[in-house]
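Visitor: Please see the structure below; I have some questions.
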Amino acid sequence: MATTSPRVDIKEDAPDLYRAYARLDSASGRSALDPALRLLVYLRASYVNGCAYCVESHTRDALAAGESDRRLYATAAWHESPLFSDRERAAFALTDAITQVAERGTDAAYEAAAGHFTPEELAALIYAIVTINGWNRLAISTHMVFDG
């Protein structure tokens, strides 16, 4: 059974590490990757990882940025949804592949994404996926609770 009581407070108990990771996240937000797509990628990885904290946080962020409810709900089942472009689908496939790298590998998803993104965008996409996977693991392992 899952618990919602926090464990360590990663921001307070390791402030230098927290700030360093937050700077990586901030840099990802300023990268060549479209900010709206970045939010969708963050949401998708958070669904795959089962990170309730991040799902709630990034759903709120995406709604505030103007994303539709329908597309946010459909992110959980993007394979079956007609609401996403080929470019977004390539980003989701790469997100799934990197998030589940041990089970899936990345070759096919990388090749597909490379057909939709410039090298700079693709590098930024990979950093965004890796960054959210780290946040998911931090949130899940410390039982972070969204209070925002």
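The values are calculated or read from the model by the stated rules, or taken from the named source; none is laboratory data. On a predicted model such as this, the values are computed, not experimentally measured, just so you know. Here Cβ is always computed from backbone atoms with ideal geometry, including for glycine, and neighbour counts include all displayed protein chains. Heads up: the accessible areas ignore ligands, DNA and RNA and are worked out on the full protein's heavy atoms, side chains in. Shrake-Rupley method; radii C 1.70, N 1.55, O 1.52, S 1.80 Å.
Visitor: All but one of (1) assigned to a helix (DSSP H, G or I); (2) open to solvent by 60 Å² or more (accessible area, probe 1.4 Å) hold for Pro82; state the number of the condition that does not hold.
Guide: (1)
Visitor: In region 15-29, is there at least one residue being outside any helix (DSSP H, G or I), open to solvent by less than 50 Å² (accessible area, probe 1.4 Å) and among the aliphatic types (A, V, I, L, M)? Full working, then the answer.
Guide: First pass over region 15-29, keeping only residues outside any helix (DSSP H, G or I): none.
Within region 15-29, none of the residues are outside any helix (DSSP H, G or I), open to solvent by less than 50 Å² (accessible area, probe 1.4 Å) and among the aliphatic types (A, V, I, L, M).
Visitor: Next question, about the same structure. Please enumerate the residues belonging to region 85-121 that are charged (D, E, K, R) and surrounded by fewer than 11 Cβ atoms within 10 Å (Cβ to Cβ). Full working, then the answer.
Guide: From region 85-121, those charged (D, E, K, R) are 86-89, 96, 103-104, 107, 111, 120-121; that's our starting set.
If the condition is that a residue be charged (D, E, K, R) and surrounded by fewer than 11 Cβ atoms within 10 Å (Cβ to Cβ), then Asp86, Glu103, Asp107 are the ones that fit.
Visitor: Here are some residues: Leu72, Leu40. Which one is under 11 Å from the mean Cα position of the chain (by Cα), touching a residue at least 24 places away in the same chain (Cβ under 8 Å) and at negative phi? Give the derivation first.
Guide: Working: Leu72 fails: under 11 Å from the mean Cα position of the chain (by Cα).
Being under 11 Å from the mean Cα position of the chain (by Cα), touching a residue at least 24 places away in the same chain (Cβ under 8 Å) and at negative phi holds for just one of Leu72, Leu40, which is Leu40.
Visitor: Here's a follow-up. List the number of the failed condition for Thr142; all other conditions in (1) closer than 25 Å to Arg19 by Cα; (2) surrounded by fewer than 14 Cβ atoms within 10 Å (Cβ to Cβ); (3) among the β-branched types (Val, Ile, Thr) hold.
Guide: Unmet for Thr142, out of (1) closer than 25 Å to Arg19 by Cα; (2) surrounded by fewer than 14 Cβ atoms within 10 Å (Cβ to Cβ); (3) among the β-branched types (Val, Ile, Thr): (2).
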